Each structure stands twice: as C-alpha cells, then as structure tokens.
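All remarks here apply to the structure that follows.
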Amino acid sequence: METTQLNNIIPAERVAFVTNAIKNTFGQDASDIILLKGGLSGAGVYKIMVAAIPYVLKLDAPGVADIYATTSIAAAAGIAPKVFYADHTEGVSIYEFIEAKPIRESFTDPAELASELGKLIRKLHGMPVFEKTNDMRAMADGFIAQFKASNVLTGAAFEEAFTYYDRIKEVYPWHDTDKVSSHNDLNPNNILFDGERIRIIDWDAAFANDRYVDLAIAAISFASVFKLERALLAAYFGDTMDDYRYARFFLMRQICRLIYATLMFQLSAAVIEELTAQYPESLQFTSADIGRLAQEGRFDITKAEGQFYYGIALFNDALNAMRSKGFDAAMDIVGSSSR
C-alpha cells in the first residue's frame, strides 16, 4: 500500500511505524485499510488486508502497556482474538479479524445465549489475574459526581436513585479480596460470534475487579428477565449458586446500570435539553422501549440521541429495581453476611 493511502486514513506521524509493523509481521505491505465503526473506547481501530486475509490494526496512545498484557492473556485463553503484533511503546497492535455473525440471530433461544455467556465469563475469570487494578467504588462515585455537577438532568427521580446508591455503598463488600480478571465492558459491540465460538474484543477497560461486574454488565444486554438471569448465573456458578450470590449480582447490576447511564448522559449532554423538550415521554423510557426503537430502526448507540435514550432506559431500569422488594431483600442478605 502506498504511504499516501495510509496517510489518508491514520495519523501521518504513525504511518512509518505502522507500515514497518505490518511488513515485519507478514512479510509484505497491506493492500487495503478501512476504519472500523462501532465501540466507544476512542482508539483507532482499522481493518487491513494482507495477502487477501483480513486483520485488525489498533492504534492506542503510546506507552499503555497494560492493554497489551490483558489482551495477550485473554488471547492465550482463547477468549480474545489472536495477537499477531503488539508494541506498547508505540501503541500499535495487530489482531485476528473475526467475521462476526449476528449473535442474537445465531442463538435463537435467549436462555442458551445467556448460558453460553455465563460459561465464557467463568472461563475469563479463571485466567491468571490481571496485574492492573482499580477502585470500583471510586469509579462509580466519580461518574455519578460528574453527572450531578453537570446539571443536565435533575429532579426527584435522580435524587431518589442516588439515595439508593448511597445505601448500596454502605453494605456492598467493595474490599472483597476475591478479585478476578475482569473485562468491565461486556456490551454487545465487544462480544463477537463467528458461528462456532464467542470471542471478546476491546480490552481497554480491563483490570482485576469484583467478579460480579462482568456478570452484571453482560446481564444488562443479554439477561433482561429473571429466567435469563438464572441461565447466566447457573452457567457461571453451577451448584454453588445461592441467595447471597444472587443478592451481590442484583446490587452490582444496579451500580453498573447507573455507571453506564451517567456515562451515556455525558456523551449526549449537548442534545438532552432539546430531546427532553421535544419528547418529554423519553424520560420514562426503559429497556423495553429501547428494544422497540431498535426493532423500528430508530436506535443508534453511536449517535447522541441513541446514547441519551439508552442512558435514561438504564437509569429507569435501575430505579425501578431499587424500588422493588427484591432490592430490600438483597440489601438484607448482603448487609447481614459475614462473607
């Protein structure tokens, strides 16, 4: 491929290194390159063709070593795509390209899909524990504090939801030493099915974390009802599933819903006032409404409007769950446990 063609796609200052990386890895230049769409990580992700075979080229900020460490561990376990090249100093990596099939159409039974994801997450959590760590409670507090300071959405419902969150904080075992290698962003864009097995991509947010985070995030998209929650958790915990584990999962699910909601509100802040004025009913959206909009072809998570709708749906799902008797039961179980 001519350097001028690469220059039109990737930052000019990285062309020379990328060209050499491709040639040193495959013995020849790439014949084509296109920007891949989807995902919110902010990294430059491209599809390149070398000898008529597709690969993924990823350009991260130089010097971020832990991204490559986590991805390499996951690839070795068969959970992430194969790594062909990685240089954290330059922030350049090349991976196997997964020709993904629509996962919900491939698994016609949602319970089967939830079960397969439970098994995959169990395998993920069985990998060697990532060296990178973070403070989950501080992260959640940070997202919520930033949202509150923005004043883009206010009112009694938001005050109520964050009062519930403060209650969760008091009983949740944040400092549980049972940490696992956690992806921390198991949304549908990061879960690919090639017709034979499921792989996970985009490991930028991965670090050693509470095992319930991956389960809770996967459940947001793939276990919307109790039957699917049970399929997910039974595949993960097997015979060790009990009321305490479900209570931990239930509380973490609300925490993750609030984190994702506030993130979506940040991303869509510029359009929130206009959308809520034009469509006041959108403030009552739940995940069921997102499903309806998606079926009608009116939902796009890559656009600000879709991000707001998704955020408000997650927020309302969390609020409704925290108003339920199940919330009180989960709080009692976790709060009174000595585990």
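The values are calculated or read from the model by the stated rules, or taken from the named source; none is laboratory data. Note that this is a predicted model, so its numbers are computed, not measured. Reconstructed Cβ throughout: ideal geometry from the backbone, glycine too, with neighbour counts over all protein chains shown.
Residue 203 fulfils the conditions (1) modelled with pLDDT under 95; (2) surrounded by fewer than 23 Cβ atoms within 10 Å (Cβ to Cβ) except for a single criterion, (2).
To keep it simple, each residue is scored yes or no on (1) touching a Pro at 6+ places or on another chain (Cβ under 9 Å); (2) under 16 Å from residue 187 (Cβ atoms); (3) not small (Gly, Ala, Ser).
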| position | (1), (2), (3) |
| --- | --- |
| 203 | no, yes, yes |
| 206 | no, yes, no |
| 210 | yes, no, yes |
| 215 | no, yes, yes |
| 219 | no, yes, no |
| 227 | yes, no, yes |
| 230 | no, no, yes |
| 240 | no, no, yes |
| 249 | no, no, yes |
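Quick one: is residue 272 more than 28 Å from residue 209 (Cα to Cα), at pLDDT 95 or above and buried (at least 20 other Cβ atoms within 10 Å of the Cβ)? Yes, satisfied. Could you tell me whether region 172-186 includes any residue that is within 30 Å of residue 270 (Cα to Cα), of a type in the set (Gly, Ala, Ser) and crowded, with 18+ Cβ neighbours inside 10 Å? No; the residues of region 172-186 include none that is within 30 Å of residue 270 (Cα to Cα), of a type in the set (Gly, Ala, Ser) and crowded, with 18+ Cβ neighbours inside 10 Å.
Might you check whether a residue that is part of a loop (DSSP other than H, G, I, E, B) and among the aliphatic types (A, V, I, L, M) occurs anywhere in region 119-131? Checking region 119-131: at least one residue is part of a loop (DSSP other than H, G, I, E, B) and among the aliphatic types (A, V, I, L, M).
Among the residues of region 295-339, what is the count of those that are among the β-branched types (Val, Ile, Thr), closer than 25 Å to residue 266 by Cα and surrounded by 13 or more Cβ atoms within 10 Å (Cβ to Cβ)? Final tally of qualifying residues: 2.
Candidates 74, 51: the one that is among the aliphatic types (A, V, I, L, M), outside the structural domain of residue 253 (by TED's automatic domain parsing) and surrounded by fewer than 17 Cβ atoms within 10 Å (Cβ to Cβ) is 51. State yes or no: is residue 169 without any contact (Cβ under 8 Å) to a residue 60 or more places away in the chain, on the phi < 0 side of the Ramachandran plot and among the charged types (D, E, K, R)? It is true that residue 169 is without any contact (Cβ under 8 Å) to a residue 60 or more places away in the chain, on the phi < 0 side of the Ramachandran plot and among the charged types (D, E, K, R).
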